[in-house]
1. P(r) for region 191-270: what percent of alpha-carbon pairs falls in each 10 Å bin, starting at zero?
2. Report the Cα centroid-to-centroid distance between region 216-246 and region 1-54 in angstrom, as an integer.
3. Can you give the accessible area per residue of the chain, in Å², using a 1.4 Å probe?
4. Could you pull out the chymotrypsin sites (Phe, Trp or Tyr not before Pro) across region 61-117 that fall in loop regions by DSSP (anything but H, G, I, E, B) with no more than 14 other Cβ atoms inside 10 Å?
5. Which loop GluC sites (Glu not before Pro) in region 181-270, with loop taken from DSSP, have no more than 16 other Cβ atoms within 10 angstrom of their Cβ?
6. Quick check on the chain: helices-only [θ] at 222 nm, where DSSP H runs of length 4 and up contribute -39,500 (n - 2.57) each and the sum goes over total residues. Nearest 500, please.
7. With a 1.4 Å probe and all protein chains left in place, how much of the accessible area of the chain comes from carbon and sulfur atoms, in whole percent?
8. Provide, for q = 0.09, 0.12 Å⁻¹, the log10 of I(q)/I(0) from a solvent-free Debye sum over equal Cα point scatterers in the chain.
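The values are calculated or read from the model by the stated rules, or taken from the named source; none is laboratory data. In this text the structure is predicted, and so the values were computed from the model without any measurement. A quick note on method: Cβ atoms are made from the backbone with ideal geometry, for glycine too, and the neighbour counts reach across all protein chains shown. All accessible areas refer to the heavy atoms of the entire protein, side chains included, with ligands and DNA or RNA removed. Shrake-Rupley method; radii C 1.70, N 1.55, O 1.52, S 1.80 Å.
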Amino acid sequence: MSGIHHSTIVHDAAILGADVEIGPFCLIGPRVRLHDGVRLDSHVVITGETEIGARTRVHAQAVLGGGPQFRGDPGAAAKLVIGADNVIRESVTMNGGSMKGDGLTKVGDRGYFMAYSHIAHDCHIGNGVTFANSVALGGHVTIEDGVNIGGLSAIQQFGRIGRNAFVGGVTGVPDDVIPFGIVWGDHARLEGLNLIGLKRSGVPRERIHALRAAYRFIFFETGHLHERAREAASRWKDSPEVAEVAAFILAPAKRPICMPSRTARTSAAD
């Protein structure tokens, strides 16, 4: 049974699952679907073709769905799909897809999106991600599973952030970040591997050592980056983490790979 505050406006065509709770002064459009156990606090706006997965909680003033934020696209076909068990905090915004993209913005399960964070059109967000306050994604960004992004950071359009990577706070990210990488800075530079994240994910010590060795080989030896990535995948062929990093580097992309800072290079040489 759904509990809807009397001040909320829910279009007759909206689809609500069991045990949905909607607080005061919310606005729910005609092409919205809320799965079982979704909870909306006050003043939430959900518009466009938007689907929200089971048990997701949306806090006050969030605006989810609707057209992309650029000129020339009315957003008529924009679609937003949000997975299950997410926490969407105050004033978060998520836009639907665009005509120039695939028309779909997709958010996975178990994400935590802190206040004022923004997901633009055609972004694809994995499972178990954490966005701190005021994180902003440009359009067409891919965020893989387990990524953690610090507050006030921004990811440029078409960027890729690999699985279990960590982006420091107040960081601008114009380049692609490898899986398990750590980046920070005004213009992000690769500062090492997310060793804490690897350990928390249960990666065995010997595989972490293999990844560290491959990381040093890929980023600090001579030669072309792609050649070193192929060689690393061959040399550490029993490491799934090395294979994942190499595949990420070799995949077709619109952005270059984020490279180490001078400080990181000096540290690796010591």
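1. The distribution over region 191-270 is 18, 50, 31, 1, given as percents.
2. Here the two parts' Cα centres lie 48 Å apart.
3. About 47 Å² of surface per residue is accessible.
4. Listed in order of number, the matching sites are Phe70.
5. Values: sites: Glu191, Glu206, Glu221, Glu227, Glu231, Glu241, Glu244; in loops: Glu221.
Sites meeting the loop and neighbour criteria: Glu221.
6. Details: 5 runs with 52 residues, N = 270.
Rounded to the nearest 500, it is -5500 deg cm²/dmol.
7. 52
8. Scattering profile of the chain, log10 relative to I(0): -0.45, -0.73.
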